[in-house]
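The values are calculated or read from the model by the stated rules, or taken from the named source; none is laboratory data. These numbers were taken from a predicted model, which means no experiment stands behind them. All Cβ positions, even for glycine, are placed from backbone atoms using ideal geometry, and neighbour counts span all protein chains on display. Note: accessible area is taken over every heavy atom of the protein model, side chains too, but ligands, DNA and RNA are not part of it. Shrake-Rupley method; radii C 1.70, N 1.55, O 1.52, S 1.80 Å.
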Amino acid sequence: MSGKGRGLGIAAIVVGLVGLLSGVGGLAYARHAFGGSVVSSESMTPTYGPGDRVVFERIDGSQVRRGDVVVFSAPDRYGFEDLVIERVIGVGGDRVTCCTGEGADTRVSVNGKPLQEPYLKNPEASRGFTMSSYDVRVPEGRLFMMGDHRANARDSRAFLDDQGGTLPESAIRGRVIEDYTVPVVLGTAMMLGVLLVLVAVGLGIAAVVVRRKARAAAMPPPPPWAMQI
């Protein structure tokens, strides 16, 4: 192979490997670190409504914080395997009480401090299904959850007789994110990987063409007698 053809061949291999690493690596990391889901109920309106697509980062339940919106699986409680989306109100060791104030001034308290929840659709519905007060000490390793649409959310308040309505941290599948910087970077890496693979294919074809031309040029001319009729 000519020097130029050899160089094109080596470039094709290098660019192809980089493209595969970028594309496959980005895809593998994205599948491992992030997930997506579609909201199917009104329990989190107005923050998220039916049909909204959310992206979540896969984290361990011990990593969630108060106020995080998370997705979790609780088939023993809800009767289905699909992910449920709710907001974390209390973590292990917290004391969640309801309620202070009336009407729009209704507040849930955590560790004696009323929560400021501007995202709520109707804070006056925080008392829940029994319309009575509740006082829950969240066990370690468990979480107290609520939907933002308090009047239409079957959350921890509906299961107060089962460990205060709390869920185990192991039920958490991820935390919903608003900053899409990392997913966008991963998507860009995957697209770049595809582009580099295509470039590598082009370089490979060019290397083959150069090689064939070099071979044709190196062939000796036919003897004079071979050209006679």
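Protein heavy-atom accessible surface, 1.4 Å probe, per residue over the chain: 57 Å². GNM remark for the chain: springs join alpha carbons under 10 Å apart, and the peak mean-square fluctuation among Thr97, Thr188, Thr166 falls on Thr188. Helix 3-33 and the longest principal axis of the C-alpha atoms of the chain enclose an angle of approximately 10°. Test of understanding: extend the Cα→C-beta vector of Ala33 to 7 Å, then name every residue of segment 169-187 with backbone N under 20 Å from that spot. 173-187, by backbone N distance to the label point.
Tell me, what % of the accessible area of the chain is carbon and sulfur with a 1.4 angstrom probe?
The computed percentage sits at 60.
Ordering of 111-119, 48-56 by packing is 48-56, 111-119, highest average first (other Cβ atoms within 10 Å, averaged per residue). Around the Cα centre of the chain, unit charges on the Cβ atoms of Lys, Arg, Asp and Glu (plus for the first two, minus for the last two) sum to a dipole of about 1720 debye. Mean separation of Cα pairs under 8 Å and 6+ residues apart, divided by the residue count of the chain: what relative contact order is that in percent? Relative contact order for the chain comes out at 30 percent. Solvent exposure of Glu81, expressed as accessible area, is near 130 Å², computed with a probe of 1.4 Å over the protein chains only. Note on Arg6 and Gln63: the extension gain reaches 15.3 nm, defined as 0.36 nm multiplied by sequence separation minus the Cα-Cα distance. Placing unit charges on the Cβ atoms of the charged side chains and taking the dipole of the chain about its Cα centre, the candidate lying farthest along the positive direction among Val209, Ile10, Gly101 is Val209.
If R₀ is 35 angstrom, what is the calculated FRET efficiency for the pair Tyr180 and Arg127, using the beta carbon separation as r and rounding to 0.05? According to the calculation, E is roughly 0.45. If you line up the long axis of helix 181-218 against the longest principal axis of the chain, both from Cα atoms, how many degrees apart are they, to the nearest 10? The angle comes out near 10 degrees.
Using r as the Cβ-Cβ distance of Ala104 and Leu20, and R0 as 41 Å, what FRET efficiency do you calculate, to the nearest 0.05? The calculated FRET efficiency here is 0.10.
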